[in-house]
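Accompanying notes for the structure given below.
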Amino acid sequence: MENNKFNEFIKITKKLNEIEIIPLLMGSVGLEIVTGQGWDAQDLDIHVSGDKRGWEVPPEISIFNWDDIMKIMISMEYTLIDLHEHEFSKKGLSVEFGNIDTLPDFAGVQLEDLELHQKGEVKYYLLNPEQYLSVYESSSKDSYRANKNNDKDLKKIDFLKSMILQ
């Protein structure tokens with residue numbers, strides 16, 4: 001399965017690896033890689049180290065190495081369109097950076113349990129199906145996300161439950 005968004009993630013991750021950042025691929029693109037199913041991914045969700053307090057701190061300091069990440073994205077012809085969401089855009093593709101350090105409190109996913117993957121020389125983390133289930137179950141309880149994505153999240157939850165029970 002050819003996945004252009006995943007290929008773009010690998011290009012971005014190669015640059016992040018050069019400054020010693022190993023990101024976690026989240027969202028539907030990561031879920032597509034893990035499940036082999038198409039989930040109609042609309043964007044790239046990349047999580048990197050940040051302040052554990054998450055939204056409680058100003059966006060320009062909530063993601064560690066933010067200035068370096070911005071330089072990388074700009075060098076790759078992305079435009080910052082929303083600092084609060086750490087969102088970039090290029091040719092219709094949205095790339096959002098999230099905070100990996102909020103995962104334990106948000107979804108009970110421990111960082112030391114993340115699986116390291118490698119494509120060529122590029123290193124990144126992916127959630128396993130059980131971890132994705134925890135994230136989507138937690139997300140489905142979030143009022144903003146429930147109003148915006150509840151149908152899609154519920155389908156992912158059902159799929160993951162059936163996948164895990166096999």
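The values are calculated or read from the model by the stated rules, or taken from the named source; none is laboratory data. The model shown is predicted, which means the values in this text are computed figures rather than measured ones. All Cβ positions, even for glycine, are placed from backbone atoms using ideal geometry, and neighbour counts span all protein chains on display. Each accessible area value is taken on the protein alone, full model and side chains, heavy atoms only, with ligands, DNA and RNA left out. Shrake-Rupley method; radii C 1.70, N 1.55, O 1.52, S 1.80 Å.
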Quiz item: When region 11-42 is examined, which residues are found to be in contact with a Gly (Cβ under 9 Å, 6 or more places away or on another chain), surrounded by 17 or more Cβ atoms within 10 Å (Cβ to Cβ) and not in a helix (DSSP H, G or I)?
Solution: Leu24, Met26, Ala41
Self-check item: Answer residue from region 111-121, given it is free of Cβ contacts under 8 Å to residues at least 24 places away in the same chain and open to solvent by 70 Å² or more (accessible area, probe 1.4 Å) and is farthest from Glu137 (Cα to Cα) among those
Solution: Gln118
Self-check item: Only one of Ile81, Ile69 that is closer than 26 Å to Leu116 by Cα and either at pLDDT below 95 or not in a loop (DSSP other than H, G, I, E, B) (or both)
Solution: Ile69
Quiz prompt | Answer residue from region 55-65, given it is out of contact with any Leu (no Cβ under 7 Å at 6 or more places or on another chain) and in contact (Cβ under 8 Å) with a residue 24 or more places away in the chain and is surrounded by the fewest Cβ atoms within 10 Å (Cβ to Cβ) among those | solution = Asn65
Exercise. Please go through region 96-124 and pick out each residue that is of a type in the set (A, V, I, L, M), in a helix (DSSP H, G or I) and touching a strand residue (DSSP E or B) at 6+ places or on another chain (Cβ under 8 Å).
Key: Ile100, Leu103
Exercise. Please state which of the following conditions Ser162 fails to meet, knowing it meets all the rest: (1) farther than 20 Å from Lys5 by Cα; (2) open to solvent by less than 70 Å² (accessible area, probe 1.4 Å); (3) within 17 Å of the chain's Cα centre (by Cα).
Key: (3)
Quiz item: Which condition number does Thr79 fail, the rest of (1) in contact with a Phe, Trp or Tyr (Cβ under 7 Å, 6 or more places away or on another chain); (2) of a type in the set (Ser, Thr, Tyr); (3) in contact (Cβ under 8 Å) with a residue 24 or more places away in the chain being met?
Solution: (3)
